[in-house]
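The values are calculated or read from the model by the stated rules, or taken from the named source; none is laboratory data. Remember, it's a predicted structure, so these values are computed and weren't measured experimentally. With ideal geometry, Cβ positions are generated from the backbone for all residues, glycine too; neighbour counts draw on all protein chains shown. Heavy atoms of the whole protein, side chains included, go into the accessibility calculation; ligands, DNA and RNA do not. Shrake-Rupley method; radii C 1.70, N 1.55, O 1.52, S 1.80 Å.
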Amino acid sequence: MTAFPPDAPLGRLIAAPMRPGRLTWIGLRPARHAEMTTPDEAQLIAQTGVAGDRYRTTRNGARQVTLIAVEDLAAIAAFLGRDSVAPELLRRNLVTSGINLAALKAQRFRIGNATLEASGDCAPCSKMEETFGLGGYNAVRGRGGITARILESGTVRIGDPVERV
């Protein structure tokens, strides 16, 4: 991710105020291919991952938590000709609404009392063809959300604001 000087025109636009969003859904993957659990709150553990989720890192990896916007789920559904797409099908950890996750790239943000830093795009995998049928991978391209590192541990709850810090 490219950082722009804060005094450059694009740097000023990127740093401009943005409306906060909300956390609308939490999903945990207890094991590979296991059905996801959907608690009302979760513990985000700094430099590691989400408590109760199968993916944990000991090397402060870039994919400690995955996020997708409900607006992107609606777009994916439209691309597939469906009324909706359940977040469990994409196996992301957190679903947000009202905030453009792409605008958080290389930015720090807060959900609940946890602080995160966007670390990259959450690209679709070939399993999307199996999940959604022919064209599933391309329906998710560019709409798969973001990955983030957890900088400060904390609890996140459905309804918490999602805001850049």
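For the chain, the dipole from Cβ point charges (+1 on Lys and Arg, -1 on Asp and Glu) about the Cα centre works out to 360 debye, to the nearest 20.
Of Gly154, Gly52, Gly11, which is the most mobile in a GNM of the chain whose springs link Cα atoms less than 10 angstrom apart? Result for the chain, Cα springs under 10 Å: Gly11 fluctuates most. Which of Ala77, Ala34, Ala123 ends up with the largest GNM mean-square fluctuation for the chain, with Cα atoms connected below 10 Å? Sorting by GNM fluctuation, first place goes to Ala34. Would you work out which of Val95, Thr66, Phe132 lies farthest towards the positive end of the dipole of the range 19-164, given +1 charges on the beta-carbon of Lys and Arg and -1 on that of Asp and Glu, about the Cα centre? So the residue we want is Thr66. As a length-normalised measure over Cα pairs under 8 Å and 6 or more apart, the relative contact order of the range 48-165 settles at 32 percent.
In order along the range 9-25, the phi-based Karplus estimate (6.51 cos²θ - 1.76 cosθ + 1.60, θ = phi - 60°) of 3J(HN,Hα) comes to x, 5, x, 5, 5, 5, 7, 4, x, 9, 5, x, x, 9, 7, 10, 7 Hz; Gly and Pro are listed as x.
So, counting K/R as plus one and D/E as minus one, what does the shell of residues with Cβ under 11 Å around Val165 add up to?
Every neighbour counted, the sum reads 0.
Across the alpha-carbon set of the chain, the Rg to Rh ratio works out to 0.96, Rh being the Kirkwood radius.
Sequentially through the range 55-62, phi angles give Karplus couplings (6.51, -1.76, 1.60; θ = phi - 60°) of 8, 9, 10, 10, 10, 6, x, 7 Hz, Gly and Pro residues having no value and appearing as x.
Rounded to the nearest 0.05, the FRET efficiency derived from the C-beta distance between Gln47 and Thr155 at R0 = 22 Å is 0.85.
Of the residues Leu134, Leu90, Leu151, ranked by 1.4 Å probe accessible area with the largest first, the sequence reads Leu134, Leu151, Leu90. Within the range 1-44, find all residues whose amide N lies under 16 Å from a label point positioned 7 Å from the Cα of Glu163 along Cα-to-beta-carbon. Only 16-23 pass the distance filter.
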